[in-house]
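Visitor: Supplied in C-alpha cells, the structure appears directly below.
The values are calculated or read from the model by the stated rules, or taken from the named source; none is laboratory data. Remember, it's a predicted structure, so these values are computed and weren't measured experimentally. So basically every Cβ, Gly included, is an ideal-geometry build from the backbone, and we count neighbours across all protein chains shown. Only protein heavy atoms, including side chains, enter the accessible area calculation; ligands, DNA and RNA are left aside. Shrake-Rupley method; radii C 1.70, N 1.55, O 1.52, S 1.80 Å.
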Amino acid sequence: MKLVYPAVFSPCESNPGYTVIVPDLPGCVTEGSSLADAILMAEDAASGWVLDELENGQRAPKPSAIDTIHTESDEFVTLLVLDMDAYAEKYGSKAIRKNVTIPAWLNTFAEERNVNFSQVLTGALTTIYNQAE
C-alpha cells in the first residue's frame, strides 16, 4: 500500500537543514540536515506514525489536498510517498492472536503437511487487503 501525504518544510533557524511537519499526522515532526535528508527523515517519521495506527487497528488518516496546506513565506509544501508494505515488512512487529475454526478434515490435512496456520492466514489476508486498495 502506498500513501501520499503533504508535508511542510521550514528552514531550520539554528543550523542548515529543514524541519518537516506532516499536518495530517498530529505530532509527526522531524528534521534533516539537508533537503534530501529531511525528505528521508519525513518519510520515515510519517511511515512510523501510520504503521503505529495500523497496528493498533486504526485506518491511516486521509491526506489533505496539497493546495489546502497553508505556509509561511519561507516554507514550502511537497508530497511524501510512503511505501507502507515495505516499511511494515522491515519494522512492523505487533501481532494479534486470533482463534479460528476450520473443518476437522482440513486441520488434519494441514497438520500432516506441517502447515504454519498463522503464515497461511496472514498471506491470504494480505492478498485480500492488497486487492481492496
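Visitor: Only one of VAL4, VAL50 is assigned to a strand (DSSP E or B), in contact (Cβ under 8 Å) with a residue 40 or more places away in the chain and under 15 Å from ASP83 (Cβ atoms); which?
Guide: VAL4
Visitor: Among the candidates LYS94, LYS62, LYS98, which residue alone is part of a loop (DSSP other than H, G, I, E, B), of a type outside the set (Phe, Trp, Tyr) and modelled with pLDDT of 90 or more?
Guide: After ruling out the rest, the residue left standing is LYS62.
Visitor: Restricting attention to region 23-41, which residues are open to solvent by 70 Å² or more (accessible area, probe 1.4 Å) and in a loop (DSSP other than H, G, I, E, B)?
Guide: Answer for region 23-41, where residues must be open to solvent by 70 Å² or more (accessible area, probe 1.4 Å) and in a loop (DSSP other than H, G, I, E, B): PRO26, GLY27, SER33.
Visitor: May I ask you to verify whether ALA110 is open to solvent by less than 80 Å² (accessible area, probe 1.4 Å), more than 27 Å from MET1 (Cβ to Cβ) and in a helix (DSSP H, G or I)?
Guide: Against the criterion (open to solvent by less than 80 Å² (accessible area, probe 1.4 Å), more than 27 Å from MET1 (Cβ to Cβ) and in a helix (DSSP H, G or I)), ALA110 qualifies.
Visitor: Among (1) at pLDDT 90 or above; (2) within 19 Å of ARG59 (Cα to Cα); (3) β-branched (Val, Ile, Thr), where does VAL77 come up short?
Guide: (2)
Visitor: Restricting attention to region 44-90, which residues are more than 30 Å from GLU13 (Cβ to Cβ) and surrounded by fewer than 13 Cβ atoms within 10 Å (Cβ to Cβ)?
Guide: ASN56, GLY57, GLN58, ARG59, LYS62, ALA86, GLU89, LYS90
Visitor: Could you please tell me which pairs satisfy a Cβ distance under 7 Å, a separation of 6+ or placement on different chains, a first residue in region 16-30 that is under 15 Å from LYS62 (Cα atoms) and charged (D, E, K, R), and a second residue that is open to solvent by 30 Å² or more (accessible area, probe 1.4 Å) and in a loop (DSSP other than H, G, I, E, B)?
Guide: That search, which allows pairs on different chains as well, returns ASP24/PRO61; ASP24/PRO63; ASP24/SER64.
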